[in-house]
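*Asks:* Here it is: the structure, laid out below.
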Amino acid sequence: MRRLATTIKRFLPRSLFGRSVLIIVMPLILLQAVALQIFYGTHWEVVSRRLAAAVAGDVALATDLLRRHPGAEEEQWLARQMLGRTELAIRFAEGEILPAEPPDVIEGPAETELRAALAERLPFPFRIDWSGRAEREVQIRVQLPGGVLHVEAPAKRLFTGTVTVFVLWLIGSALILFAIAAVFMRNQVKPVRRLAQAADAFGKGRDVGPIKPEGADEVRQAATAFNLMQARLRRFLAQRTEMLAGVSHDLRTPLTRMRLALTMLGARNPAEAEEVAAIGEDIAEMERMIEGYLAFARGEGTEQAQPTDLALLLTEAAEKARAAGAEVSLQTPATLVLPLRPDAMRRCLGNLLDNARRHAAHVWLAAERVMRGGGEAVQITVDDDGPGIPAARREEAFRPFVRLDAGHGGGSHTGLGLTIARDIVRAHGGEIALEDSPRGGLRARIRLPA
């Protein structure tokens, strides 16, 4: 039972619009099927039986009159009467014998009812020829003792046009109702799609602005909640940036005084120069921490995504790393345009390359388009030949101000480099991971939606 349900689900539409239309269409199809069955089983059958009985009765009357009143003059009079009053054209072929032909092909209710009605009312053999149906007539031949009676019955006496009209009306009304339902459902689904697109864009760092609440009440409530969420998040980021900027300003003043005091102290007491230098390194580390906080805040600033050539950003990052003394190999397509926040992505690539060059002799930077989850993505890899990071500590490397023994962010490096890099990548709707590199060191792999 569960396997059957799973198989059925595979053929069901996945979109809200498709499922909504299916909810409307299925009852409509069932209604049409029931209506056709009732019409086919009752009305059409009853009408066909009565029409066939009327034709069979007229044929039986003609045979009885011919038998009671033989003669050419009587036959001509009967032919005129039957044609004028019953629309049946009759002709008696004296001495003719009905050939032994295979049984007639039964095509539908009308044919079946006519055969049954003739067999009930005629004590003589008969044949029905449906080949003239295209000319709107049916040939009936009855074997009488003196010959064969030929009867041409118009098709309108056996077939009713209401069947075609009914079926066309049924199908036409269903198509009209389906079209109206599809239009209304599309209008109801549009606000949901807009809300989903706005949420996806906002999650990738794009400023979509407040969306217009429209559609059903529930969709309007969701849109209003989304607008409030956007406003709250923007306020939170702005307040955090302002707070970090204020903290940086407040801390820099005493740090400057401390550095000045240490300089004067070192000049007065040369014997304590080593201790003064150690304290100076601590102050420098505090300044780097402050700069890291500010860089982290800027990484979640108000920069908007725009079409950007990622290949150009990679080239610039590689050249900057080479200028800093690193050996960098670059492999990227000629152009790779994506919706990115350029400054944030430069900072992300710079942090990864800086961490790699600190602990490796050579760095390999590459980018390519890949398929991910049925959609296209861009993959960026930063490989090095350094000592790497143990697999158990790779997730820890993304934590702020973590000291590691080797690899990206390892050794004496302390700060928010990888934390900022992951924050920027996730703001673009992507993901970053640390893996074993085929070059022998560590690989930082970034995947961004294309």
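The values are calculated or read from the model by the stated rules, or taken from the named source; none is laboratory data. What you are looking at is a predicted structure, and each value in this text was computed from that prediction instead of being measured. Positions of Cβ are generated from backbone atoms using ideal geometry, with glycine treated the same way; all protein chains shown enter the neighbour counts.
*Asks:* Which of the residues belonging to segment 158-188 are in a loop (DSSP other than H, G, I, E, B) and aliphatic (A, V, I, L, M)?
*Replies:* Leu158, the sole residue that qualifies.
*Asks:* Does segment 163-174 include one or more residues that are under 25 Å from the mean Cα position of the chain (by Cα), more than 30 Å from Glu431 (Cα to Cα) and outside the structural domain of Leu31 (by TED's automatic domain parsing)? Walk me through it before giving the result.
*Replies:* Start the filter on segment 163-174 by keeping residues that are under 25 Å from the mean Cα position of the chain (by Cα), which leaves none.
No, segment 163-174 contains no residue that is under 25 Å from the mean Cα position of the chain (by Cα), more than 30 Å from Glu431 (Cα to Cα) and outside the structural domain of Leu31 (by TED's automatic domain parsing).
*Asks:* Please work out if Pro109 is of a type outside the set (S, T, N, Q), surrounded by fewer than 11 Cβ atoms within 10 Å (Cβ to Cβ) and either assigned by TED's automatic domain parsing to the domain that holds Lys156 or modelled with pLDDT of 80 or more (or both). I'd like the intermediate steps shown before the answer.
*Replies:* Values: of a type outside the set (S, T, N, Q): yes; surrounded by fewer than 11 Cβ atoms within 10 Å (Cβ to Cβ): no; either assigned by TED's automatic domain parsing to the domain that holds Lys156 or modelled with pLDDT of 80 or more (or both): yes.
No.
*Asks:* Residues to consider are Thr42, Thr63; find the one that is modelled with pLDDT under 80, part of a helix (DSSP H, G or I) and polar (S, T, N, Q).
*Replies:* Thr42
*Asks:* Continuing with the same structure: Only one residue in Arg141, Arg121, Arg91 is modelled with pLDDT of 80 or more, surrounded by 15 or more Cβ atoms within 10 Å (Cβ to Cβ) and either in contact with a His (Cβ under 7 Å, 6 or more places away or on another chain) or of a type in the set (Val, Ile, Thr) (or both). Which one? It would help to see each step written out before you state the result.
*Replies:* Details: Arg121 fails: either in contact with a His (Cβ under 7 Å, 6 or more places away or on another chain) or of a type in the set (Val, Ile, Thr) (or both); Arg91 fails: surrounded by 15 or more Cβ atoms within 10 Å (Cβ to Cβ).
Unique residue meeting the criteria: Arg141.
*Asks:* What tally of residues in segment 274-319 results from selecting those that are among the small types (Gly, Ala, Ser), farther than 29 Å from Ala334 by Cα and modelled with pLDDT of 70 or more?
*Replies:* 4
*Asks:* Something else now. Counting only residues that are touching a Pro at 6+ places or on another chain (Cβ under 6 Å) and either under 15 Å from Arg193 (Cβ atoms) or touching a residue at least 24 places away in the same chain (Cβ under 8 Å) (or both), how many does segment 221-251 have?
*Replies:* Residues that pass the stated criteria total 1.
*Asks:* I would also like to ask the following. Looking at the structure I just gave you, is Glu376 free of Cβ contacts under 8 Å to residues at least 40 places away in the same chain and within 35 Å of the chain's Cα centre (by Cα)? Even if it seems obvious, please write down each step before you answer.
*Replies:* On the way: free of Cβ contacts under 8 Å to residues at least 40 places away in the same chain: no; within 35 Å of the chain's Cα centre (by Cα): yes.
No, not satisfied.
*Asks:* Pick from segment 155-166 the residues that are surrounded by fewer than 16 Cβ atoms within 10 Å (Cβ to Cβ) and not charged (D, E, K, R): which of them is nearest to Thr112 (Cα to Cα)?
*Replies:* Only one residue fits best here, namely Ala155.
*Asks:* Now for a separate question. So the check is Cβ under 6 Å with 6+ separation or different chains; which pairs have a first residue in segment 39-66 that's in the same structural domain as Ala153 (by TED's automatic domain parsing) and farther than 16 Å from Ala153 by Cβ and a second one that's assigned to a helix (DSSP H, G or I) and at pLDDT 80 or above?
*Replies:* Short answer, once both residue conditions are applied: Leu65/Leu78.
*Asks:* Now for a separate question. Can you report the number of residues in segment 354-377 which are modelled with pLDDT of 90 or more and surrounded by 14 or more Cβ atoms within 10 Å (Cβ to Cβ)?
*Replies:* Kept after step one, since they are modelled with pLDDT of 90 or more, are these residues of segment 354-377: 362-368.
Now restrict to residues that are surrounded by 14 or more Cβ atoms within 10 Å (Cβ to Cβ): 362-367.
Result for segment 354-377: 6.
*Asks:* Next up: What number of residues within segment 65-94 satisfy the criterion of being of a type in the set (Asp, Glu) and more than 11 Å from Leu149 (Cβ to Cβ)?
*Replies:* Total meeting the criteria: 3.
*Asks:* So which of Phe202, Phe184, Phe236 ends up being surrounded by 14 or more Cβ atoms within 10 Å (Cβ to Cβ) and outside the structural domain of Val25 (by TED's automatic domain parsing)? Show your work before the answer.
*Replies:* Working: Phe184 fails: surrounded by 14 or more Cβ atoms within 10 Å (Cβ to Cβ); Phe236 fails: surrounded by 14 or more Cβ atoms within 10 Å (Cβ to Cβ).
Result: Phe202 is the single residue among Phe202, Phe184, Phe236 that is surrounded by 14 or more Cβ atoms within 10 Å (Cβ to Cβ) and outside the structural domain of Val25 (by TED's automatic domain parsing).
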